[in-house]
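The values are calculated or read from the model by the stated rules, or taken from the named source; none is laboratory data. As the structure is a computational prediction, the values presented were derived from the model and not from experiment. Here the Cβ is made from the backbone with ideal geometry for all residues, glycine too, and neighbour counts use every protein chain on show. Please note that ligands, DNA and RNA were not included when accessible areas were found on the heavy atoms of the full protein model with its side chains. Shrake-Rupley method; radii C 1.70, N 1.55, O 1.52, S 1.80 Å.
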Amino acid sequence: MVVLHHLNNSRSQRLLWLFEELNIPYEIKKYQRDSKTELAPEAIKEVHALGKFPVITDGDITIAESGAIIEYLVEEYGKNLSPERGTDAGRSYTYWMHYAEGTLMPLLVIKLIFDKVKSSPMPFFIKPIAKGIANKVMAAYAGPNITSNLKFINQHLATNEWFCGDQLTGADIQMSFPLEAMVSQQGLDEYPNIIAFVKKFQARPAYQKGLKAGGSYDFA
Ligand SMILES: N[C@@H](CCC(=O)N[C@@H](CS)C(=O)NCC(=O)O)C(=O)O
């Protein structure tokens, strides 16, 4: 049976949606973030050396990286969630599958780190310097890039029901985490197609089942 190593409030939530969508039996091994540092527990390093979530095992196969896991599960258990390779939809699938963790998530992580820098306790004379650096990086790099990426995604969703056309695929599941995290934290009122997309996938019965199975999750 496939085992999902699942961290609360994390990228592994989207895999629970995928399992339910594919209707395959799975087992969840739950881990909790440290309540102060929010870091993952060390125990996951016994499953995969890098100590990040999600990780799955399927018999003696171990796979990390959400994109690699989604591709594996879809290939093994649910080809209907992957468009035919060599078609426009197939190229789109590869693009969005890489884009989610290769382009979009790094920008969100930069924002998260600098927001943390600004709100962290520190000596009063360091605070303006730290705040100044954080604001500069956000204004010169991360901020404009996040905006251009959100416009790009919103535009894509204006003419595509799902990321690869008119059918749900693994790429939608891969894109779901950064988009629902941003909608829940920032609202994204100026990007109505992104909001509609998030509402649409969150309403799916398989998504709701995955949500119940995973436990606490702040972004739904
Ligand atoms: N690109 C990787 C990112 C893995 C990753 O950073 N996971 C986060 C969860 S959202 C994690 O394990 N964080 C806990 C930590 O760094 O201690 C993937 O998509 O699987």
Does residue 167 satisfy the condition of being more than 12 Å from residue 153 (Cβ to Cβ) and surrounded by fewer than 18 Cβ atoms within 10 Å (Cβ to Cβ)? yes
I need every pair where a residue in the range 134-152 that is at negative phi has its Cβ under 8 Å from the Cβ of a residue that is outside any helix (DSSP H, G or I), sequence separation at least 6 or different chains. 150/188; 150/191; 151/191
Scanning the range 1-35 residue by residue, those of a type outside the set (A, V, I, L, M), closer than 15 Å to residue 62 by Cβ and open to solvent by 80 Å² or more (accessible area, probe 1.4 Å) turn out to be 27, 29
One residue from 39, 73, 7, 22 being of a type outside the set (D, E, K, R), more than 13 Å from the chain's Cα centre (by Cα) and farther than 21 Å from residue 93 by Cβ: 39
Kindly evaluate residue 218 against the criterion of being surrounded by fewer than 18 Cβ atoms within 10 Å (Cβ to Cβ) and not aliphatic (A, V, I, L, M). yes
If you check residue 16 against the conditions, is it part of a helix (DSSP H, G or I), within 14 Å of the ligand (Cβ to nearest atom) and closer than 19 Å to residue 177 by Cα? yes
Pairs returned, first residue in the range 109-122 that is more than 17 Å from residue 146 (Cα to Cα), second residue that is open to solvent by 60 Å² or more (accessible area, probe 1.4 Å), beta-carbon separation under 7 angstrom, 6 or more apart or interchain, are 118/131
Kindly indicate which of 87, 147 is among the hydroxyl-bearing types (Ser, Thr, Tyr), under 30 Å from residue 2 (Cβ atoms) and out of contact with any strand residue (DSSP E or B) (no Cβ under 6 Å at 6 or more places or on another chain). 87
Of 154, 135, which residue is in a helix (DSSP H, G or I) and open to solvent by less than 60 Å² (accessible area, probe 1.4 Å)? 154
